[in-house]
Amino acid sequence: MSAAPPEIIQQLETFANVSRETLERLEAYLGLLAKWQKKINLVSNASLDQAWTRHVVDSAQLWPLASENALIWTDLGSGAGFPGIVLGILGCERPGFAMHLVESDQRKAAFLREAIRVTGAAAEVHCARIEEIEPISSDVVTARALAPLKKLLVLSNPFVKSEGIALFLKGRSVDDELTQAAEWGTFNAEVIPSHTDRPSHTDQGGSILKLSHLIPA
């Protein structure tokens, strides 16, 4: 995998203090992703050529949306590690930071463990279904392309501290999802335009949902 182009580095630096070491960790991660993609389907093959934008920047944009005091993060349905591994790499230089990756697929969990080993990401893998693990009391819960919002609220609420937040990368149907999710209970929702939204990004472009004060009906 090629090194990050200057425009990608500039984008990343708007989200976090990205050191040379952090960039090297991200480069190693994408290199590992390309290698494992030949064995198992981690992401769409078409997205590999634009991995810096469609996966790394897409994940990193969540970083500044949480307080610096947010140390315990949980990523649900981590898959190939977006956004979890990227955020775990960004969190390496924050004392006390820990990212918990929840992934039920054993092959993907094996990839995530290898990615942590190679990059030194501040992360831990939990290979189990979300509903079957003891909820991890988290300052931030994240998810990308996992489920409609109403289902995400059911899955994530046990993990979110009372003062915590959820950050979900959603597509352009976010308004409809918010309407349907009102049946679940009450929450404060902020809809933030995605920095990686492009007309061709029908699989992931759109918005970031920042949720707080989650109270089930």
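The values are calculated or read from the model by the stated rules, or taken from the named source; none is laboratory data. Predicted model, so just to flag it, every value in this text is computed and none were measured. Please note: Cβ atoms are built from the backbone with ideal geometry, for glycine as well, and neighbour counts cover all protein chains shown.
Listed conditions (1) touching a Phe, Trp or Tyr at 6+ places or on another chain (Cβ under 8 Å); (2) of a type in the set (Gly, Ala, Ser); (3) closer than 29 Å to Ala28 by Cβ are all met by Ala123, apart from (1). In region 64-77, which residues are surrounded by 18 or more Cβ atoms within 10 Å (Cβ to Cβ) and either in a helix (DSSP H, G or I) or not polar (S, T, N, Q) (or both)? Once the filter is applied, which keeps residues that are surrounded by 18 or more Cβ atoms within 10 Å (Cβ to Cβ) and either in a helix (DSSP H, G or I) or not polar (S, T, N, Q) (or both), region 64-77 yields Ala66, Ala70, Leu71, Ile72, Trp73, Asp75, Leu76, Gly77.
Select, from Ala109, Ala115, the only residue that is more than 22 Å from Leu65 (Cβ to Cβ), touching a Cys at 6+ places or on another chain (Cβ under 6 Å) and modelled with pLDDT of 95 or more. Lay out the reasoning, then the answer.
On the way: Ala115 fails: touching a Cys at 6+ places or on another chain (Cβ under 6 Å).
Residue meeting the stated conditions: Ala109.
Annotation note: Cβ proximity below 6 Å between a residue of region 32-49 that is closer than 18 Å to Ile116 by Cβ and a residue that is β-branched (Val, Ile, Thr) and not in a loop (DSSP other than H, G, I, E, B) (sequence gap 6+ or interchain) occurs for Leu32/Val118. The listed residues are Glu7, Glu21, Glu13, and the only one of them that is outside any loop (DSSP other than H, G, I, E, B), more than 19 Å from the chain's Cα centre (by Cα) and within 23 Å of Ser207 (Cα to Cα) turns out to be Glu7. When you look at Gly171, is it at positive phi, surrounded by 14 or more Cβ atoms within 10 Å (Cβ to Cβ) and at pLDDT below 95, yes or no? No: the conditions fail for Gly171.
Can we say Gly81 is of a type outside the set (A, V, I, L, M) and assigned to a loop (DSSP other than H, G, I, E, B)? Yes; evaluated as a whole, the condition is true for this residue.
Could you check, for region 32-45, whether at least one of its residues is closer than 19 Å to Arg144 by Cβ and small (Gly, Ala, Ser)? Within region 32-45 (the criterion being closer than 19 Å to Arg144 by Cβ and small (Gly, Ala, Ser)), the answer is yes, since at least one residue qualifies.
Just checking, which of Val174, Val160, Val191 is closer than 25 Å to Ser67 by Cβ, touching a Ser or Thr at 6+ places or on another chain (Cβ under 9 Å) and without any contact (Cβ under 8 Å) to a residue 24 or more places away in the chain?
The conditions single out Val191.
Restricting to region 92-128, and then to whatever is part of a helix (DSSP H, G or I) and either touching a strand residue (DSSP E or B) at 6+ places or on another chain (Cβ under 7 Å) or of a type in the set (A, V, I, L, M) (or both), can you tell me which residue is surrounded by the fewest Cβ atoms within 10 Å (Cβ to Cβ)? Filtering first and then ranking leaves Val118. Only residues that are of a type in the set (Val, Ile, Thr) and touching a Lys or Arg at 6+ places or on another chain (Cβ under 7 Å) were counted across region 176-192, and they come to 1.
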